[in-house]
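A short write-up of the structure that comes next.
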Amino acid sequence: MIDLRAPLVLASGSPRRRRLVSQIVRNVTFDASEAEEHIYPEEAASDAVCRLALDKAVDVSRRHEAALILGADTVVVLDGSILGKPVDANDAAVMLRALSGRTHVVFTGLALIHPSTSRSVTVAVCTKVHFDTLSVAEIAAYVRSGAPLDKAGAYGIQDDMGSLFVQGVEGDYFNVVGLPLNKLYRLLLTHFNDLIAA
């Protein structure tokens, strides 16, 4: 568990990210960003998640100038196309049908900024996910549960049903959940070591 001299503020309303960051940082608070989440055509996924994570961190930093701010954003990429959060149940079903039996990539961007010292760092983490072949009934049941509607790519690897659809992962499991803990830990040690209490 890391103790920071400055409070860490997670610029997210995601319960998954809140739970994960609380596993490694003791003095963490939460302030969901209101920054617009828009991905531009032809924008690379790694660039998009870093930009969006930084936008979220900057938005929240205006309210917490003495804190260390953490922004994060996650997208799913299939055949070069970025899948964000589904707009509705039908969109979720379309995404799940596309992912069925295929391998896709999950990108999470992390941004850490410390306004009082004008320091910032951004990084993207990539994980491959191998999906099982899903039946029409499995997709329908999962969509009915409502779980896919607030998740990039319309599934959560940590969900009761979503976890059953994943055959394997190459890379950081927690990156697929939405917050790569190892990378966050290393960024804190490397770039903000002076803020870590002895």
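Quick notes on this one:
- Unique match (being modelled with pLDDT of 95 or more, part of a strand (DSSP E or B) and surrounded by fewer than 23 Cβ atoms within 10 Å (Cβ to Cβ)) among Val77, Val94: Val77
- Residue identified as touching an Asp or Glu at 6+ places or on another chain (Cβ under 8 Å) and within 17 Å of Thr133 (Cα to Cα) among Gly101, Gly84: Gly101
- Some residue of region 52-68 being of a type in the set (Lys, Arg), in contact with a Phe, Trp or Tyr (Cβ under 9 Å, 6 or more places away or on another chain) and either buried (at least 19 other Cβ atoms within 10 Å of the Cβ) or under 30 Å from Ile139 (Cβ atoms) (or both): no
- Leading residue by the ranking (nearest to Tyr142 (Cα to Cα)) among those in region 167-178 that are surrounded by 19 or more Cβ atoms within 10 Å (Cβ to Cβ) and out of contact with any strand residue (DSSP E or B) (no Cβ under 6 Å at 6 or more places or on another chain): Val177
- Set side by side, the residues Ser46, Ser22, Ser33 differ, and just one is at negative phi, of a type in the set (Ser, Thr, Tyr) and either part of a loop (DSSP other than H, G, I, E, B) or touching a Lys or Arg at 6+ places or on another chain (Cβ under 9 Å) (or both), which is Ser33.
- The numbered conditions (1) within 30 Å of His130 (Cα to Cα); (2) more than 17 Å from the chain's Cα centre (by Cα) are all true for Ala6 except (1).
- Matching option when the condition is free of Cβ contacts under 8 Å to residues at least 60 places away in the same chain, more than 19 Å from Ser163 (Cα to Cα) and surrounded by fewer than 16 Cβ atoms within 10 Å (Cβ to Cβ), among Thr117, Thr103: Thr117
- Positions within region 1-18 being crowded, with 16+ Cβ neighbours inside 10 Å and either within 10 Å of Ile196 (Cα to Cα) or of a type in the set (Val, Ile, Thr) (or both), in sequence order: Ile2, Leu4, Ala6, Val9
- Test: residue in region 29-44 that is touching a residue at least 12 places away in the same chain (Cβ under 8 Å) and closer than 17 Å to Leu187 by Cβ: no
- Screening the candidates Tyr155, Tyr185 for the property of being within 29 Å of Ile69 (Cβ to Cβ) and loosely packed, with under 15 Cβ neighbours inside 10 Å yields one hit, Tyr185.
- One residue stands out among those in region 33-51 that are of a type in the set (A, V, I, L, M) and out of contact with any helix residue (DSSP H, G or I) (no Cβ under 8 Å at 6 or more places or on another chain): the one that is surrounded by the most Cβ atoms within 10 Å (Cβ to Cβ), which is Val49.
- Applying the set (1) more than 16 Å from the chain's Cα centre (by Cα); (2) at pLDDT 95 or above to Asn27 leaves exactly one unmet item: (2).
- Close contacts from region 125-152, counting a first residue that is under 30 Å from Gly71 (Cβ atoms) and of a type in the set (Ser, Thr, Tyr) and a second that is at pLDDT below 95 and not in a helix (DSSP H, G or I), with Cβ to Cβ under 7 Å and a gap of 6+ residues or different chains, come to Tyr142/Met161; Ser145/Met161.
The values are calculated or read from the model by the stated rules, or taken from the named source; none is laboratory data. Here the structure is a predicted model, which is why all the values come from computation and not from measurement. Please note: Cβ atoms are built from the backbone with ideal geometry, for glycine as well, and neighbour counts cover all protein chains shown.
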